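Everything on this sheet refers to the single structure shown next.
The values are calculated or read from the model by the stated rules, or taken from the named source; none is laboratory data. Computed from a prediction, not measured in an experiment: that's the story for all the values here. Heads up, the Cβs are rebuilt from the backbone with ideal geometry, glycines too, and the neighbour counts pull from every protein chain shown.
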């Protein structure tokens, strides 16, 4: 087991990140403000119109995508800025660091998505969910897929010069298949389709998460080591 | 030298044949092409558009393989090959997109209508764009090489997902499923010969350009190394 990774060290890295997040609240504050601002702009733009099912499902994921892009970029960049990369190199294996960060991103993105969805449900009256099971599964699987892909891309951009701007550019082609399928699945949740008919979509989402996590695990060494 | 002359003559013949051979409803001799129902003369794009898209995919795969080779061996030569292939792939990708869009204007009525094929080539363009944006933002050579290799592997792995996802969302109007519903090639022999020689010709052009640019980049790299000493 020693060769793969140590779950306790991964948890330690997660707790370290979580504590430092609670102290600074950098990502959390930025994310909450980002979500509120984006939703306000959408509400101003939509004004008195009732957006159709397709549009409101799409907008929800646009908000989630760009909020994730503004918050997740910090995960590895902060280590570079604080100069703590060397310490992490010394105390932990690359895979441990990766899974610790993945866990942190997962929790952060979950909190953000719950906040976004609740706000969205309150503010946009035409966004009525008819099949909650599909919707909740979509949010769950979409979140884990999104955090898996954004963690490895965050690790890549932490080493580049233009960190913030490059992040959405690099992530979009990787996330596009996931975004397409979650938007479709959200649409079927709004239309009130039975869960049995949406199983294929969930299989694609699970496969996406597994493939991206496995590849990130295999390739993280090359990104992390200088 | 002989290779270049043969290639030149071959591709000239392909271009002449592809554009000039008449299309008749019942082809009786070898220099006549059959009429493709619904497309007529617009079907001639197959001789030029499909090979560019093919080369674009080949270049992407070459770049991916050299990227993996780089990660295994850490030889900078593989990185040079990988980025050269990606550059050429980007060029052919733009060519395929533009020829496809022009054809689409005259067949479907709009330059762009998010047909599955257009979506997939758009994603390929985005991946290439992101790849070069990433490369230009990293200064350290080894870091640039390994990060861009990692990125192209991850991007390459998401591409197969489109094969499963896109048919669930939209259906295609692309003539490939219309001409070959069973997935088998059954073209008129003359058409097939022109098509296959065009495919070979374009691949050979790609190979030639690839070698030229790799030689050029290698020399440039050696020059830089000398200047640093």
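Please go through the stretch A:216-226 and give me each residue that is over 17 Å from the mean Cα position of the chain (by Cα), at the interface with another protein chain (Cβ under 9 Å from one of its Cβ atoms) and surrounded by 15 or more Cβ atoms within 10 Å (Cβ to Cβ), ordered by number.
Correct list: A:219, A:220, A:222, A:223.
Among residues belonging to the stretch A:181-200 that are surrounded by fewer than 21 Cβ atoms within 10 Å (Cβ to Cβ) and facing chain B (nearest Cβ under 8 Å), point out the one that is modelled with the highest pLDDT.
A:184
Just to check your reading of the model, which residue among A:186, A:151 is in a helix (DSSP H, G or I) and within 27 Å of residue A:224 (Cβ to Cβ)? Give the derivation first.
Numbers: A:186 fails: within 27 Å of residue A:224 (Cβ to Cβ).
Of the residues listed, the single one that is in a helix (DSSP H, G or I) and within 27 Å of residue A:224 (Cβ to Cβ) is A:151.
If I ask for residues that are assigned to a loop (DSSP other than H, G, I, E, B), under 14 Å from residue B:190 (Cβ atoms) and modelled with pLDDT under 75, which ones from the stretch B:2-41 would you list?
Of the residues in the stretch B:2-41, the ones assigned to a loop (DSSP other than H, G, I, E, B) are B:21-22, B:25-32, B:35-39.
Of the ones still in play, those that are also under 14 Å from residue B:190 (Cβ atoms) are B:21-22, B:26-32, B:35-36.
Of everything in the stretch B:2-41, those that are assigned to a loop (DSSP other than H, G, I, E, B), under 14 Å from residue B:190 (Cβ atoms) and modelled with pLDDT under 75 turn out to be B:26, B:27, B:28, B:29, B:30, B:31, B:32, B:35, B:36.
For residue B:191, work out the one condition from (1) at pLDDT below 90; (2) within 14 Å of another protein chain (Cβ to nearest Cβ) it doesn't fulfil.
(2)
Keeping to the stretch B:24-56, report how many residues are under 16 Å from the mean Cα position of the chain (by Cα) and surrounded by fewer than 18 Cβ atoms within 10 Å (Cβ to Cβ). Explain how you work it out, then say what you get.
First, the residues of the stretch B:24-56 that are under 16 Å from the mean Cα position of the chain (by Cα): B:45-56.
Now restrict to residues that are surrounded by fewer than 18 Cβ atoms within 10 Å (Cβ to Cβ): B:54.
Of the residues in the stretch B:24-56, 1 are under 16 Å from the mean Cα position of the chain (by Cα) and surrounded by fewer than 18 Cβ atoms within 10 Å (Cβ to Cβ).
Considering only residues that are part of a helix (DSSP H, G or I) and within 8 Å of another protein chain (Cβ to nearest Cβ), look in the stretch A:158-174 and name the one that is nearest to residue A:217 (Cα to Cα). Walk me through it before giving the result.
As a first pass, look at the stretch A:158-174 and keep what is part of a helix (DSSP H, G or I): A:163-174.
Cutting the leftovers down to within 8 Å of another protein chain (Cβ to nearest Cβ) gives us A:166, A:169-170, A:172-174.
Values: A:166: 22, A:169: 22, A:170: 18, A:172: 20, A:173: 20, A:174: 16 Å.
Here the residue is A:174.
If you go through the stretch A:2-43 one residue at a time, how many are surrounded by fewer than 18 Cβ atoms within 10 Å (Cβ to Cβ), more than 19 Å from the chain's Cα centre (by Cα) and not in a helix (DSSP H, G or I)?
Counting residues in the stretch A:2-43 that are surrounded by fewer than 18 Cβ atoms within 10 Å (Cβ to Cβ), more than 19 Å from the chain's Cα centre (by Cα) and not in a helix (DSSP H, G or I) gives 4.
Return the residue satisfying two criteria in turn: it lies in the stretch A:202-211 and is in contact (Cβ under 8 Å) with a residue 40 or more places away in the chain and surrounded by 15 or more Cβ atoms within 10 Å (Cβ to Cβ), and of such residues it is nearest to the other protein chains (Cβ to nearest Cβ).
We begin by selecting, within the stretch A:202-211, every residue in contact (Cβ under 8 Å) with a residue 40 or more places away in the chain; these are A:202, A:205-206, A:208-209.
So of that shortlist, the ones also surrounded by 15 or more Cβ atoms within 10 Å (Cβ to Cβ) come out as A:202, A:205, A:208-209.
Numbers: A:202: 12, A:205: 10, A:208: 6, A:209: 11 Å.
Here the answer is A:208.
Conditions tested, residue by residue: (1) part of a helix (DSSP H, G or I); (2) farther than 30 Å from residue A:87 by Cβ.
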| residue | (1), (2) |
| --- | --- |
| A:180 | yes, yes |
| A:201 | yes, yes |
| A:205 | yes, yes |
| A:214 | yes, no |
| A:218 | yes, no |
| A:226 | no, no |
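Give the stretch B:62-100 a look and list any residue that's touching a residue at least 60 places away in the same chain (Cβ under 8 Å), within 26 Å of residue B:47 (Cβ to Cβ) and surrounded by fewer than 20 Cβ atoms within 10 Å (Cβ to Cβ), or say none.
Answer for the stretch B:62-100, where residues must be touching a residue at least 60 places away in the same chain (Cβ under 8 Å), within 26 Å of residue B:47 (Cβ to Cβ) and surrounded by fewer than 20 Cβ atoms within 10 Å (Cβ to Cβ): just B:87.
Which of the residues spanning the stretch A:127-157 are away from every other protein chain (no Cβ under 11 Å) and under 25 Å from residue B:135 (Cα atoms)? Steps first, please.
Residues of the stretch A:127-157 away from every other protein chain (no Cβ under 11 Å): A:127-144, A:146-147, A:150-151, A:154.
Correct list: A:146, A:147, A:150, A:151, A:154.
Within the bounds of the stretch A:92-110, is there any residue that is surrounded by fewer than 14 Cβ atoms within 10 Å (Cβ to Cβ) and over 17 Å from residue A:152 (Cα atoms)? Can you show your working first?
Keep residues of the stretch A:92-110 that are surrounded by fewer than 14 Cβ atoms within 10 Å (Cβ to Cβ), which gives none.
Within the stretch A:92-110 (the criterion being surrounded by fewer than 14 Cβ atoms within 10 Å (Cβ to Cβ) and over 17 Å from residue A:152 (Cα atoms)), the answer is no, since none of the residues qualifies.
Can you name the residue in the stretch B:129-152 that is within 18 Å of the chain's Cα centre (by Cα) and within 9 Å of chain A (Cβ to nearest Cβ) and, of all such residues, is surrounded by the fewest Cβ atoms within 10 Å (Cβ to Cβ)? Let's see the steps before the verdict.
To start, the set of residues in the stretch B:129-152 that are within 18 Å of the chain's Cα centre (by Cα) comprises B:129-132, B:152.
Retained after the next criterion (residues that are within 9 Å of chain A (Cβ to nearest Cβ)): B:129-131.
Working: B:129: 16, B:130: 23, B:131: 26.
Per the criteria, the residue is B:129.
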